[in-house]
Amino acid sequence: RVSSDGGGMYNDRSSPTLTNCKFTGNSAEFNGGGIYNYNCNPTLTDCTFTSNSASDDGGGVGNNGSSPTLTNCTFTSNSADRGGGMYNGSSSSPILTDCTFTGNSADYNGGGMRNYSASNPILTNCTFTNNSVTNNGGGMLNSTSSPTLTDCTFTSNSADYSNGGGMYNYESSSPTLTNCTFTDNSADYGGGMYNWDDSNPTLTNCTFTGNSAYVDGGGMYNDNSSSPTLTDCTFDGNSASDDGGGMLNDDGSDATLTNCTFAGNSASDDGGGMLNDDGSDATLTNCPFTS
């Protein structure tokens, strides 16, 4: 059925427990095609969200001031204007473990997930695959939000006409990523990850492999005073049609890299491994560049 919010279920200051539940083909005129949570913290285990849609936020699940706990849940082929699989807004910080986001889409941003307005979810062993967006953040978009991701993978996500195929961070979003991989993601700018407007993520033991940019920054693009800190990270086989095959730092973005490796990256114009431009003073320690 079609509802204003919460096509399948609406939880208003109520926190149900759901196990082995399926939400399929539901739609909302505004938010939360499958489920809409308002100021509540439900628990979901082994639940699936398939082909749900919302005209505004959260095709699969929309959270407003809510922090549900999700374990082994799947989000497949859901769609929305923002946050095709899941939308987290107004300080929503769900905990997700062993969850998958596959083939979700958004018209504006956050094909797999959008985190907005101090929403800081915790994700462990979650996968984002083949999610897409026509604007920013094919896999995930973070706006004034800093999630924590551990052992997560972003594969073959795309931002067809804009930035951040795997992940887009902007407006002072500084997520923490540990043991995460970005593989075969694509965008105009920042095939693997795009950081903008004083967004300073921290990455440890992360890999960027085979990501591509139709313009600049195949693996990662840092722009407008965004200065990530990377330790023990690898950039391998990423490409850009113009500049910065592995990484591009622009407009005062002072990345700090320690024990990072750049191998086999390519750019058609400048900076096969890395391009530093327009007052971007990167600091690199023990970082080899090969081939």
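The values are calculated or read from the model by the stated rules, or taken from the named source; none is laboratory data. Source: prediction; values computed, not measured. So basically every Cβ, Gly included, is an ideal-geometry build from the backbone, and we count neighbours across all protein chains shown. Side chains included, ligands, DNA and RNA excluded: accessible areas come from the protein's heavy atoms. Shrake-Rupley method; radii C 1.70, N 1.55, O 1.52, S 1.80 Å.
Which count do you get for residues in the range 204-221 that are among the aliphatic types (A, V, I, L, M) and touching a Leu at 6+ places or on another chain (Cβ under 8 Å)?
The qualifying residues number 1.
Pick from LEU177, LEU141, LEU149: which is open to solvent by less than 10 Å² (accessible area, probe 1.4 Å), over 25 Å from THR48 (Cβ atoms), of a type outside the set (Gly, Ala, Ser) and at pLDDT 95 or above?
One residue alone meets the criteria, LEU177.
Residues that are within 21 Å of the chain's Cα centre (by Cα), open to solvent by less than 60 Å² (accessible area, probe 1.4 Å) and aliphatic (A, V, I, L, M): does the range 261-284 have at least one?
Scanning the range 261-284 turns up no residue that is within 21 Å of the chain's Cα centre (by Cα), open to solvent by less than 60 Å² (accessible area, probe 1.4 Å) and aliphatic (A, V, I, L, M).
Which numbered condition trips up VAL215, out of (1) over 16 Å from TYR170 (Cβ atoms); (2) open to solvent by 10 Å² or more (accessible area, probe 1.4 Å); (3) part of a loop (DSSP other than H, G, I, E, B)?
Result: VAL215 passes all but (3).
Are there any pairs, at least 6 apart or on different chains, whose C-beta atoms fall under 6 Å, with the first in the range 144-157 and farther than 20 Å from ALA187 by Cα and part of a strand (DSSP E or B) and the second open to solvent by less than 10 Å² (accessible area, probe 1.4 Å) and not β-branched (Val, Ile, Thr), and if so, which?
As it stands, the answer is LEU149/LEU123; LEU149/LEU177; LEU149/CYS180, since those pairs meet every condition given.
Among the residues of the range 55-98, write down those that are open to solvent by less than 10 Å² (accessible area, probe 1.4 Å) and not in a loop (DSSP other than H, G, I, E, B).
Those that are open to solvent by less than 10 Å² (accessible area, probe 1.4 Å) and not in a loop (DSSP other than H, G, I, E, B): VAL61, GLY62, ASN63, LEU70, PHE75, ALA80, MET86, ASN88, GLY89, LEU96.
Any residue in the range 3-26 that is more than 17 Å from the chain's Cα centre (by Cα), aromatic (Phe, Trp, Tyr) and at pLDDT 95 or above?
yes
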